[in-house]
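Working notes, structure below.
The values are calculated or read from the model by the stated rules, or taken from the named source; none is laboratory data. The structure displayed is predicted, hence computed values, not measured ones. Positions of Cβ are backbone-derived with ideal geometry, glycine not excepted, and every protein chain shown enters the neighbour counts.
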Amino acid sequence: MPEGPLVRKFHHLVSPFVGQQVVKTGGSSKKLNPTSFQSLWLQDTQVHGKKLFLRFDPDEETVSLRNSPLSEPLRKGEQKNKARHHQEASDPSSRSLGGDSAVPSGDDGLQCLRGDTPAGGAERWLQVSFGLFGSIWVNEFSRAKKANKRGDWRDPIPRCFWHHPVLVLHFSGSGFLAFYNCQMAWRFSSPVVSPTSDILSEKFHRGQALEALGRELPVCYTLLDQRYFSGLGNIIKNEALFRARIHPLSPGSLLGLPRLEALVDHVVAFSADWLQGKFQGTQQHTQIYQKEQCPGGHQVVKESLGPPGGFQRLTWWCPQCQPRLSADEPKQVQPS
Ligand SMILES: [Zn+2]
């Protein structure tokens, strides 16, 4: 599942295309007409938490979209036109059979911004969310990794829905980007997640994070709250809790500042290692996530946990390494 570190890698892959113009499009997005990207210039890219943002302009130099003839059709397209759009690229694997991913978007720290109405002169940003299986491929298409029924694994036509890019953008520099299983939407203002909540930002504000964790809520709920831990996903949650030896359902208010600080340290360290591993092509080693035994050889417990009425996420923990706090355990120093 793409968490902050992987989204940073996608950002790194996309960055060389900034300053180039879209010369050909493909893909099978239901929500965004791939042809609407034709001739646009990719002017900027940013990553905030688990979302990638790409700024497109109709002109090479102009930032303002005021009076742009593109604005109106795109706005209508986004809101009203549910019809399937096709634009075949030359590669057969961009043939459309599926459509946008039906995977729920999950954690969404930018939900409050989704209703933004396009304003004259606003910047046009494509917001890319990766759900559970989203990815971006550069200058190649995702191929089937297993043989088909006839045993031909070189079959060029993808058979599974996740082998169909929702969007393909060919750029003037002759490279292309293929987006798979991404959820995409236009935004008409700058992405404004504060870097103080981004676990991979140098500006990540530990005090703010500690304050959020110190509430009475189970810490495993707060960790996934993108308002405080932007970029933190289920893997980081499970690993940081295990390394800090904290039971996922511990109310933060009972843990005390030193243990919460240790938890935040593990969140940041694990995420940074993961990011570094992404660039070096190494797999991040997990100790508890999807494991049956912890490194100490104890049986691991797995359960779906989440706020009542909220998104329940599979959680792994070791009852011996991460014992549950008893309610009458004395309260320790509260984070301010
Ligand atoms: Zn254990």
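With respect to the numbered conditions (1) within 16 Å of the ligand (Cβ to nearest atom); (2) on the phi > 0 side of the Ramachandran plot, which one is the sole condition not fulfilled by residue 238?
For residue 238, the exception is condition (2).
Restricting the first residue to segment 283-295 and requiring it to be farther than 12 Å from residue 321 by Cβ, which pairs with a second residue that is among the aromatic types (Phe, Trp, Tyr) and more than 14 Å from the ligand (Cβ to nearest atom) meet a Cβ separation below 8 Å and a spacing of at least six or different chains?
Matching pairs, first to second residue: 284/270; 284/274.
Would you be able to tell me the number of residues in segment 271-300 that are within 16 Å of the ligand (Cβ to nearest atom) and among the hydrophobic types (A, V, I, L, M, F, W, C)?
3
The rows are residues; the columns are (1) more than 17 Å from residue 34 (Cα to Cα); (2) modelled with pLDDT of 65 or more; (3) exposed (fewer than 14 other Cβ atoms within 10 Å of the Cβ); (4) not assigned by TED's automatic domain parsing to the domain that holds residue 51.
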| residue | (1), (2), (3), (4) |
| --- | --- |
| 125 | no, yes, no, no |
| 132 | yes, yes, no, no |
| 139 | yes, yes, yes, no |
| 164 | no, yes, no, no |
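Have a look at 305, 260 and point out the one that is of a type in the set (A, V, I, L, M, F, W, C), more than 22 Å from residue 198 (Cα to Cα) and away from the ligand (no atom under 16 Å from the Cβ).
On inspection, the qualifying residue turns out to be 305.
Looking for something at pLDDT 85 or above, over 30 Å from residue 309 (Cβ atoms), aromatic (Phe, Trp, Tyr) and in a strand (DSSP E or B) - is there at least one such residue anywhere in segment 183-192?
Taking every residue of segment 183-192 in turn, none turns out to be at pLDDT 85 or above, over 30 Å from residue 309 (Cβ atoms), aromatic (Phe, Trp, Tyr) and in a strand (DSSP E or B).
Restricting the search to segment 219-245, which residues are in contact (Cβ under 8 Å) with a residue 60 or more places away in the chain, farther than 13 Å from residue 313 by Cβ and aromatic (Phe, Trp, Tyr)?
242
What number of residues within segment 312-327 satisfy the criterion of being within 20 Å of residue 216 (Cβ to Cβ) and not small (Gly, Ala, Ser)?
So the count comes out to 8.
Determine, yes or no, whether residue 259 is surrounded by 14 or more Cβ atoms within 10 Å (Cβ to Cβ), modelled with pLDDT of 95 or more and of a type outside the set (A, V, I, L, M, F, W, C).
Numbers: surrounded by 14 or more Cβ atoms within 10 Å (Cβ to Cβ): yes; modelled with pLDDT of 95 or more: yes; of a type outside the set (A, V, I, L, M, F, W, C): yes.
Taking the combined requirement at face value, the residue satisfies it.
Restricting to segment 1-35, and then to whatever is small (Gly, Ala, Ser) and touching a Ser or Thr at 6+ places or on another chain (Cβ under 8 Å), can you tell me which residue is surrounded by the fewest Cβ atoms within 10 Å (Cβ to Cβ)?
Across segment 1-35, the extreme among qualifying residues is 15.
Being of a type in the set (S, T, N, Q) and farther than 26 Å from residue 280 by Cα is the filter here; which residues of segment 12-42 pass it?
Hits for segment 12-42 are 20, 21, 25, 28, 29, 33, 35, 36, 38, 39.
Please work out which one of (1) at pLDDT below 90; (2) crowded, with 17+ Cβ neighbours inside 10 Å is the condition residue 219 fails and give its number.
(1)
Kindly establish whether residue 325 is outside the structural domain of residue 209 (by TED's automatic domain parsing) and of a type outside the set (Lys, Arg).
Numbers: outside the structural domain of residue 209 (by TED's automatic domain parsing): yes; of a type outside the set (Lys, Arg): yes.
Yes: the conditions hold for residue 325.
Only one of 96, 64, 15, 39 is part of a loop (DSSP other than H, G, I, E, B), hydroxyl-bearing (Ser, Thr, Tyr) and modelled with pLDDT of 50 or more; which?
Values: 96 fails: modelled with pLDDT of 50 or more; 64 fails: modelled with pLDDT of 50 or more; 15 fails: part of a loop (DSSP other than H, G, I, E, B).
39 is the lone residue from the list that is part of a loop (DSSP other than H, G, I, E, B), hydroxyl-bearing (Ser, Thr, Tyr) and modelled with pLDDT of 50 or more.
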